[in-house]
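Contents: one structure, followed by commentary.
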Amino acid sequence: MKVLLGIGGSADSLTALDATVERALAAGDELTVAVVENPQSDRSTDEIVDRVRATLTDVPLEAEVRRVEGDAGSRLVEIAEAEGFDQIALGGGETSPMGKINLGSIAQFVLLNAPVSVKLVR
């Protein structure tokens, strides 16, 4: 499976990174990591790229790491459609005290507009 992982530096996106790399190793998925700008994250894109590369260095998986500029949700949807990805993986947000999932704006846009399956990792 060809998987596009969108990561913006939030805690849930870092959890998604670890889980998606583990899944790619187990299933033989082809992984591309798209580092997007997330205004809700305190981490810079350079810090996120370094974290992604450090994670990938520790495992026998070759994955493309790319910086994606512009509106994160729109760009992830465009890339998935244009490059024939089978799935977009994203951090899945937080659960409210009432048990409902609170999605960030990027995840919400991707879920509503993606032409492929979207996997929310929590």
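The values are calculated or read from the model by the stated rules, or taken from the named source; none is laboratory data. Remember, predicted model here, so these are calculated numbers, not experimental data. Note that each Cβ is placed from the backbone with ideal geometry, even for glycine, and that neighbours are counted across all protein chains shown.
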**Q.** Close pairs (9 angstrom Cβ cut-off, 6 or more residues apart or separate chains): more than 10 Å from V121 (Cβ to Cβ) and assigned to a strand (DSSP E or B) in the stretch 1-29, modelled with pLDDT under 95 and of a type in the set (S, T, Y) anywhere
**A.** G6/S13; I7/S13
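Could you check the stretch 48-95 and list, in sequence order, the residues that are among the small types (G, A, S) and either in contact with a His (Cβ under 6 Å, 6 or more places away or on another chain) or surrounded by fewer than 17 Cβ atoms within 10 Å (Cβ to Cβ) (or both)?
Keep residues of the stretch 48-95 that are among the small types (G, A, S), which gives 54, 63, 70, 72-74, 80, 82, 84, 89, 91-93.
Hits for the stretch 48-95 are A54, G70, S74, A82, G84.
I'm trying to understand the selection: among the residues of the stretch 66-108, which are under 11 Å from the mean Cα position of the chain (by Cα) and among the hydrophobic types (A, V, I, L, M, F, W, C)?
Taking the stretch 66-108 as the starting set, the residues that turn out to be under 11 Å from the mean Cα position of the chain (by Cα) are 72-73, 76, 87-92, 106-107.
Hits for the stretch 66-108 are A72, L76, I88, A89, L90, I106, A107.
Would you confirm whether any residue within the stretch 31-41 is surrounded by 13 or more Cβ atoms within 10 Å (Cβ to Cβ), acidic (D, E) and out of contact with any His (no Cβ under 7 Å at 6 or more places or on another chain)? Don't jump to the end; show me each part of the working.
Step one: list which residues in the stretch 31-41 are surrounded by 13 or more Cβ atoms within 10 Å (Cβ to Cβ), which gives 31-38, 41.
Within this subset, residues satisfying the condition of being acidic (D, E) are 37.
From what is left, the residues that are out of contact with any His (no Cβ under 7 Å at 6 or more places or on another chain) are 37.
The answer is yes, given that some residue of the stretch 31-41 is surrounded by 13 or more Cβ atoms within 10 Å (Cβ to Cβ), acidic (D, E) and out of contact with any His (no Cβ under 7 Å at 6 or more places or on another chain).
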